[in-house]
Each structure stands twice: as C-alpha cells, then as structure tokens.
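Values in this text are rule-based calculations from the coordinates and carry no lab data. None of these values were measured; they are calculated from a predicted model. FYI the Cβ positions are ideal-geometry reconstructions off the backbone, even for glycines, and counts take in every protein chain you see.
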Amino acid sequence: MADIDVVIVNYNAGPFLLKAVDSVAQDSRVHRIIVVDNASRDTSMREFCARAAGEPRMIPLQNDRNLGFARACNIGIKAAAGDYLLFLNPDGEVQPGALETMVSAMRINDQVGMAGPLVLNPDGTEQAGSRRAVPTPWRTFVRAFGLSRYSNRYPKLFPDFHLQGEPLPDCPQEVEAISGSCMMLKARFPKKSTRSPAGCTGPMASTSPMPRANRSGILNLQALTGFLSAWRRRSIR
C-alpha cells in the first residue's frame, strides 16, 4: 500500500485546521501529516501541536514569519518521505475514499504526475475553480470583462478558464490545471515547487506548478470521484 504524506500550509486557519487534519488522519495510507505554519497569530498551530503530541505521524513546522504558500510548501516537501505528496488547504476536508481515488488515478500510467479531486462548497455545489484551464492573459481578460457569458455561442473566441459549468465526466480526465486547494503529486515530481509570480496570491499561486509539469510531458488528471469540501472558501464569481 502506497504511503501518502500530507502537507498543509497554515495561516490563521482557526478551528478549520484540525478538521482538515482529522479528515486525512483517518486514512491508513497517510504516513505523515506535516503542517507548516506561516507565523499564525491565532491558536490554530498551538492546537495542532497539542494534537500532535505523542502522535508520530503529525509533524508541526513553525516559520518565524509568513513566507508565502510556495516557500512553505517547499519546507513541507523537505520533511516528506512518502510515495505521494498531498497538498491540502487548511480549510478543506477530504471525504472518505478520496485519497484512494486519487492514488488510483496517479497509477493509470507513468506520465501522470498530478491528480486533484472535485472541490465542493459547504452546500454541495461545485466550487468555482475546481475544474479549470490555465488562466492565460486572454482567458483572464474574457472573464474579467464578462465576455465568458458568450462562451456557449463562441467557445473558441470567448473561453472561460473556470469549467465548473461543464458536465462532469464519469472517470479521471486530463486537465490543464488542478486547484492547489487539494493536489496530489508523485514524490519524484517535483522535488521543489515553482516560485509564485511576484505579488500573486490565491488561485494563480496555487496553479504555479502546472505549466512546468505540462512542459515536462507530465499529465495532470482530475479524479472526479474524489471529493474535498472547502468549508471556509467560497466560490469566486
């Protein structure tokens, strides 16, 4: 059975952090749960450290300042040793069976390097950005100025990079990008994540490893039968 190391980057996540930890701790495939804290001011990291006491699978790593998402991920990677790495937002909960589904997708062939689940809002609706294309300058322009409302009539001219309105397939699908809120990678790729663009936060920073993966011939798959409920994040519309 493959070992999975989970990396969670925390910053003032409050009670959501332990919910995220508990959602993966129940899976026997999870070998380590590594929480990298970016100098949180709330009690979330103290509560995790208390939970981790006497639990060798749980590893708290504390930064003395906010290093950002990508650098904190790299710190977590250095502490990992599993066959697969799962990057999970601290405000998400992985549903039972999701990790097994993502590992199965990763094993479809050797070129699969990343897999992600379907991301749901608390009300069970699909979260915007759960399925997405790479936000190129033109796609970003189309969405920013509301031109994506014409995508049904002119899909090639006015494409949207948010694809949650499209029908759900019944099996894992190759995709351009995967939401960084929950993303599984083979441990051999990458050993270091790419830098986020200067001043970039949120979805753009979350998808930063994808272009390098695509240029390297690595396939990104979305295992749409795995689920993640993001309890604090809301759809971007």
Phi angles of the range 56-65, converted by Karplus (6.51 cos²θ - 1.76 cosθ + 1.60, θ = phi - 60°) into ³J(HN,Hα) in whole Hz with x for Gly and Pro, give x, 6, 9, 10, x, 10, 10, 8, 8, 7
Which whole-Hz ³J(HN,Hα) couplings does the range 106-114 yield from phi under the Karplus relation 6.51 cos²θ - 1.76 cosθ + 1.60, θ = phi - 60°, glycine and proline marked x? 5, 8, 4, 7, 5, 7, 6, x, 9
Nonlocal amide H pairs with Ile59, under 5 Å, H built at 1.01 Å: Ile33, Ile34, Val35
Taking H placed 1.01 Å from N in the peptide plane, check which residues at least 5 places from Gly82 or on another chain put their amide H under 5 Å from its amide H. Asp5
Which FRET efficiency, nearest 0.05, do Ala50 and Asp123 yield, Cβ-Cβ r, R0 35 Å? 0.65
Quick one: divide the alpha-carbon radius of gyration of the range 1-139 by 2.2 N^0.38 Å and tell me what you get. 1.08
Percent of alpha carbon pairs in the range 10-87 separated by more than 20 Å? 26 percent
Only bridges whose two residues both fall in the range 1-139 count here: according to DSSP, what percent of them are antiparallel, nearest 5? 5 percent
So what's the gap between the Cα centers of the range 64-119 and the range 17-44, to the nearest angstrom? 12 Å
Quick calc: nm separation of the 7 Å Cα→Cβ label points for Lys78 and Phe141 -> 4.2 nm
Under the Karplus relation with 6.51, -1.76 and 1.60 and θ = phi - 60°, whole-Hz ³J(HN,Hα) for the range 33-43, x at Gly and Pro, equal 10, 9, 10, 9, 9, 9, 6, 4, 9, 8, 9
By average C-beta atoms within 10 angstrom, highest first, the peptides 43-54, 110-121, 65-76: 110-121, 65-76, 43-54
